[in-house]
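Inspection log for the structure reproduced underneath, given as structure tokens.
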Amino acid sequence: MSGSRLALGLAAVAAVTIGAASVRTGAATPEVGLRSVEDFAGIENKRERSLALFAEVGKVIQHPRCLNCHPAGERPSQGDAMTPHNPWVVRGTDGFGAPGMRCATCHSEANFDPARIPGAPKWHLAPIEMAWQGKSLGEICRQIKDHRRNGGMDMARLIHHMGEDELVGWGWHPGAGRTPAPGTQKQFGELFKAWTESGTACPKA
Amino acid sequence: MGYESTGLSRREALSTAGALVIGLSLPFGGARAQGAPQAGPVDPNAFIRIGADDSVTVICKHIEMGQGPYTGLATLVAEELDADWAQVRAESAPADAKIYANFNFGVIQGTGGSSAMANSYDQLRHAGAAARAMLVLAAAQSWGVQPATLSVEKGVIRHAPSGREARFGQFAAAAGRLPVPPKVTLKDPASFRLIGQDRKVSRLDSVAKSNGSARFTIDMAAPGMLTVVVARPPCFGAKLASFDAAEALKVKGVVAVKPLSSGVAVYADGMWPALKGRGKLVARWDESAAERRGSEEMVEAWRGLAGTAGTVVNSHGDVDAALGQGDLVEAEYIFPYLAHAPMEPLDGYIEWDGKRANARFGSQIQTLDQATIAKVLGIAPQAVSIETLLAGGSFGRRAQGNAHLASELAEAAKAIGPGRPVKLVWTREDDIMGGHYRPLFVHRLRGSVKDGAIAGWSNTIVGQSFIKGSPFEAMMKDGIDPTMSEGASEIFYRTGAFRCDVHIAQSPVTTLWWRSVGHTHTGYAVECFIDQLLEKAGQDPVAGRLALMDNSRAAGVLKAVAELAGWNGPGPVNGRARGVAVVESFRSFVAQIAEVSKGADGLPKVHKIWCAVDVGVAINPDVVRAQVEGGIGFGLGHALFAEVPLEAGIPAVANFDKYRSLRIHEMPEVEVVIVKSSEAPTGIGEPGLPPTAPAVANAMARLGLGRPSRLPFVRVA
Amino acid sequence: MPYSITVNGAVREVDVDPDTPLLWVIRDNLGLTGTKFGCGVAQCGACTVHVDGQPRRSCALPVSRLGNRQVTTIEGADGPEAKAVQAAWAARDVPQCGYCQSGQVMSAIALLREVKKPDDKAIDLAMNGNICRCATYVRIRAAIHDAAKALEA
């Protein structure tokens, strides 16, 4: 760089790589980890341990990667800034979008970074009764435990959903320009399972 | 008029026109050499080709980029020719300024300033009338009857007394051998059966544009053709310092990497390998002369200038004294850089064999593009043919004084060498980050209201000039670029003392005219400010304007739109307020009323826009309506959402995710009335746009949202 | 990589990189140019095709993920809905520059196949992914209503 500057006698020379989609993406926030289940073992009181575990779980649940597709209205949000999804898309009757504008109109079964389009198998929105946006962690917690508002899942299925589901797992591999959910899906699944085993206490707020 | 002043003999017509003719293809323009003088009868051979199959092909000197000239120009010919519309076709004219000049531009072939129909109205009617006369004469000679005894209707020549009739194709060849009549009589407008008739003439390009068969520049292909994308500097005013192509050349399908004056060109056997290759390219840029300010710093600098006296464009009365009396009202309006972002990004196709070049693209100023390609390739302009293709929108972007696209295209051909057809394609990111923006403008307005009347008006305008230093600099007088203050230097309203002054701001950021040019900002500033002054003076927005107006056509559209909308004050009524604006641009008059409410998200929701237009004779009322609908949508979308902000000199938006475009659910209902007029036709490609944003803003003021002083209305922090 | 893909009912062999968007395969390799490039990031819809009958933005679908699914481009659009939509488009003189209209037409066809009589909201939801910079939206909406009516008859 300095070589070419000297050679050309120029004041400023910058090196830039121009990509097919040379676009500035939102500033990535530093990677945040999750504490492991063992980190909570020292909490004697079971209820307090359960609450602490859920607070840790909440770092994922309330991350933009998860909230964006658990909207309170019909329209999801997108990006780290959680702006309304543009174009205007909606949940539709089955969570997979409106006729003529399904999620799969743009999203395929994996991310496609050249077009900056995220994707995962069965890319879709959570049903309205599983809406998380605009809710406190306590509200979300009680909702997760409520069969009528958690997709009719029992705890075993919930543990599987959180720890194994591919669409949930996308949150840790969201593609360029999107901050991954903290930790790993494995850690998240273990924390969630530990919470279910600790009495599923929910924060008041 | 001049069309009747001198005679052009058939021989001259043949030698200069290479003969058109009825039945033959026109050669490309260069072959025409030093030819026909400007004045003289219109040679129909240059504009009309009639086939043995009865088809009537109209050679269009104006680019079809959506605004409808193919249909409109063909309508003019078909009217005077009495052609059967079902047989009418349109085709682009070759680049040849001597024959296909835009009379508004001098001896330059080009499209812009909403002038296509206005400058062709007489010319193509004369061409159609001459061709009709030649067909009639040929038939009369063949049938041995007097021409005056023949009639023509819907493509059929008829001799009523004998019952003989023939279609055009039968006499096309014979007509082509006849001299062009030195003088023809045009129809009385009262007898028009196509011009001005609603829904009689459908667009010639609708079917091809509905089934995918319409061919645009990006669709060009040829054996051995290379697709080219160019890595250009990240900021304005930077230049290529050096580059490393090693990794780019390893990409499968990449054929070559060459430096151009605009950046580094990657040549590949398709778009995807070209893009991948460009992604691997490392380029270093000399940014020593680059703009490094962000938009915010530029706005502050422009505002600083707006506080000082500029070059006076127009003034009367003692403004400073007037402003000292009564109630002073002040406003400031800030307009961002805007990209045109036509759906088809800039692109071009060229073949060059070392001696001659043939370019095919959406050339909007053919004469400048032709000369530029010739200069780059070191050949004569006559050795450069341009086939003007359908363009996927322009909004001003393809009308380039510096012909930078043609230049880059020719350089790309030159760098790879003769015999390799080249297709140059810009991506959307190249387009939105690539400058040539509607300039950033600041308006400072001051007015005074005394005893319920406006006593003074002062408007200081600051922005860059894209005319200065361009081939259009002759438009400037006394250092004033008229496109910066058009619409603001003379206004409809009697305001007491008046002054409009301008400052030309400097920046390496490239700027360009953008649909409706100066009116994009002056229309907003003037119509918002007059509304604000009238509100202060306790006047109704419509009646108050009318009381201050002397211009009968402006008043005419304002009254017409008020009647159309059933104007009964600005409201709000049931949460919906109405705002009005009236703007003259490109000699057309347009008034709009917008009905707006506050949406659930707190943002303005525009429900409906009523519009009255006076474009003189509306050649095709439905195309006029379409252009108004489109102009409103384009104007509203940008007013609501669009901005190319610079951060440290670099555009912070690159694609439609952040350079937000109006979408269908944001499009208001539109109702248009075309005021009857017998004035000469004027344009409508641009004039539908300027009143939209101020009409919406004036409604917003009545909703308590205020007239936004900074555009766009919806700004992301 | 060699791929065998089915486009407009015909099996076509192409040799391209796995990440090549279907758009460029259709245009550059197969020469079907009715499908347009507008943004490359699934924002504008100009590249809309049908994949197994559903609208897809071909700029965002790499050819390697297509598998044996059937691709239909504007050139292959057929059936009552396609005919009704294209007839309505021409009758209303919807297009201006026309560049986005292949995508608009493909989205409209897909909508009418699923919703026989779409109301304005259904049209908004299905069509708002297709940008028209000429803003022909008023006519697009009207033409879809026209086409629905024609199909009903």
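If you take the charge dipole of segment C:29-153 about its Cα centre, with +1 on Lys and Arg Cβ and -1 on Asp and Glu Cβ, which of C:S107, C:A82, C:N29 is farthest toward its positive end?
With unit charges placed on the Cβ atoms, the residue in question is C:N29.
For the residue pair B:F103 and B:N551, what label-to-label distance in nm results when each label sits 7 Å from Cα along the Cα-to-beta-carbon direction?
Here the answer is 2.3 nm between the modelled labels.
Computed FRET efficiency, Cβ-Cβ of C:R65 and B:D601, R0 51 Å: what is it to the nearest 0.05?
0.90
What is segment A:48-205 by shape, rounded, prolate or oblate, if you read a ≥ b ≥ c off the alpha carbon gyration tensor as root eigenvalues and call it rounded for a/c under 1.5, prolate for a/b larger than b/c, and oblate otherwise?
Prolate, because a/c is 1.5 or more and a/b exceeds b/c.
What does the highest-first list of A:68-79, B:658-669 look like by mean Cβ count within 10 Å?
The peptides rank, most packed first, as B:658-669, A:68-79.
How well do other chains shield peptide B:420-428, expressed as the mean number of their Cβ atoms within 10 Å of each residue Cβ?
Averaged over the peptide's residues, the number is 2.
Which trypsin sites (Lys or Arg not before Pro) in segment C:1-104 pass both tests, a DSSP loop state and at most 15 other beta-carbon atoms within 10 Å?
Of the trypsin sites (Lys or Arg not before Pro), the ones in loops of segment C:1-104 whose Cβ has at most 15 other Cβ atoms within 10 Å are C:R69.
Is there a quick way to get the dipole size of chain B? I mean about its Cα centre, with the Cβ of Lys and Arg at +1 and of Asp and Glu at -1; what is the value in debye to the nearest 20?
With Lys and Arg at +1 and Asp and Glu at -1, about 1280 debye.
Two decimals, Cα atoms only, Kirkwood Rh: what is Rg/Rh over chain B?
Radius of gyration over Kirkwood radius for chain B works out to 0.99.
Just flag the GluC sites (Glu not before Pro) in segment A:106-165 sitting in loop per DSSP whose Cβ has no more than 13 other Cβ atoms within 10 Å.
A:E109
So what is the 222 nm mean residue ellipticity for chain C from helices alone, if each DSSP H run of at least 4 adds -39500 (n - 2.57) and you divide by all residues, rounding to the nearest 500 deg cm²/dmol?
After summing the helix terms and dividing by the residues of chain C, the value is -10500 deg cm²/dmol.
Just to verify a number: FRET efficiency for B:A190 and B:K608, C-beta to C-beta distance, R0 = 35 Å, to 0.05?
With a Förster radius of 35 Å, E is 0.50.
Please work out the Cα convex hull volume for the protein assembly as shown and give it in Å³ per residue.
That works out to 197 Å³ per residue.
Is there a pair in A:K122/C:K83; B:K61/B:K423; B:K276/B:K423 whose C-alpha atoms are over 22 Å apart, and which pairs would that be?
A:K122/C:K83; B:K61/B:K423
How much length, in nm to one decimal, is gained on full extension between B:N314 and B:D198, taken as 0.36 nm per residue of separation minus their Cα-Cα distance?
37.7 nm
I want the local charge near B:D244. Using Cβ-Cβ distances under 15 Å, sum +1 for each Lys or Arg and -1 for each Asp or Glu among the other residues.
Residues close to B:D244 contribute a combined charge of +4.
Around B:L260, with a cut-off of 14 angstrom between Cβ atoms, what is the net charge of the other residues, counting Lys and Arg +1 and Asp and Glu -1?
Its environment carries a net charge of +2.
Which of C:C44, C:C132, A:C66 has the fewest other C-beta atoms within 10 Å, and how do the rest follow up to the most?
In order of increasing Cβ crowding within 10 Å: A:C66, C:C44, C:C132.
In chain C, which whole DSSP H runs stretch at least 15 Å along their own axis (Cα) and average -1.0 or higher on the Kyte-Doolittle scale?
Those that pass (Cα extent of 15 Å or more, hydropathy at least -1.0) are C:80-91, C:101-114, C:137-152.
How big is the antiparallel share of DSSP beta bridges in chain B, given as a percent to the nearest 5?
75
Which of A:V89, C:V11 has the fewest other C-beta atoms within 10 Å, and how do the rest follow up to the most?
C:V11, A:V89
Which of the helices in chain B meet the span-like rule: DSSP H, Cα axial reach of 24 Å or more, Kyte-Doolittle mean at least -1.0?
Helix filter hits for chain B: B:116-143, B:519-536, B:621-641.
Among DSSP beta bridges lying fully in the protein assembly as shown, give the percent that are antiparallel, nearest 5.
That works out to approximately 75 percent antiparallel.
About the Cα centre of segment C:2-76, what is the dipole size in debye to 20, counting +1 per Lys and Arg Cβ and -1 per Asp and Glu Cβ, all else neutral?
So the magnitude is around 260 debye.
Please report the spacing between the Cα centers of segment B:315-369 and segment A:134-205 in Å, no decimals.
Cα centres, segment B:315-369 to segment A:134-205: 53 Å.
Enter the mean number of other protein chain beta carbons within 10 Å of the beta carbon of each residue in C:113-120, as an integer.
2
With labels modelled as points extended 7 Å from the Cα through the Cβ direction, what inter-label distance (nm, one decimal) is found for B:E153 paired with B:A543?
Each label point is offset 7 Å from its Cα along the Cβ direction, giving 5.3 nm.
Looking at segment B:87-194 from every direction and averaging, what is the projected area of its Cα convex hull in nm²?
The orientation-averaged projected area of the Cα hull of segment B:87-194 comes to 8.3 nm².
Sort out for me the Cα centre separation of segment B:619-639 from segment B:263-308, rounded to whole Å.
After rounding, the separation between the Cα centres reads 32 Å.
Which part of segment A:181-205 falls in the paramagnetic zone of A:D39, meaning amide N under 17 Å from the point 7 Å along Cα-to-beta-carbon?
A:181-195
What ranking do B:M298, B:M271, B:M549, C:M106 get, fewest neighbouring Cβ atoms within 10 angstrom at the top?
With the fewest neighbours first, B:M298, B:M271, B:M549, C:M106 line up as B:M549, B:M298, B:M271, C:M106.
In nanometres, what is the gap between the two model label sites at A:K46 and C:K117, each 7 Å from Cα along Cα-to-Cβ?
Result: 6.0 nm between the two label points.
Please compute the net charge surrounding B:A138, taking Lys and Arg as +1 and Asp and Glu as -1 over other residues with Cβ under 12 Å from its Cβ.
Charge balance in the 12 Å sphere: +2.
Can you tell me, using C-alpha contacts under 8 Å and at least 6 residues apart, the relative contact order of segment C:80-152 as a whole percent?
With pairs under 8 Å counted, the relative contact order is 50 percent.
The numbers here are math on the coordinates, done by the rules we state, and not lab data. Because the structure is a prediction, the values reported are computed rather than measured. Reconstructed Cβ throughout: ideal geometry from the backbone, glycine too, with neighbour counts over all protein chains shown.
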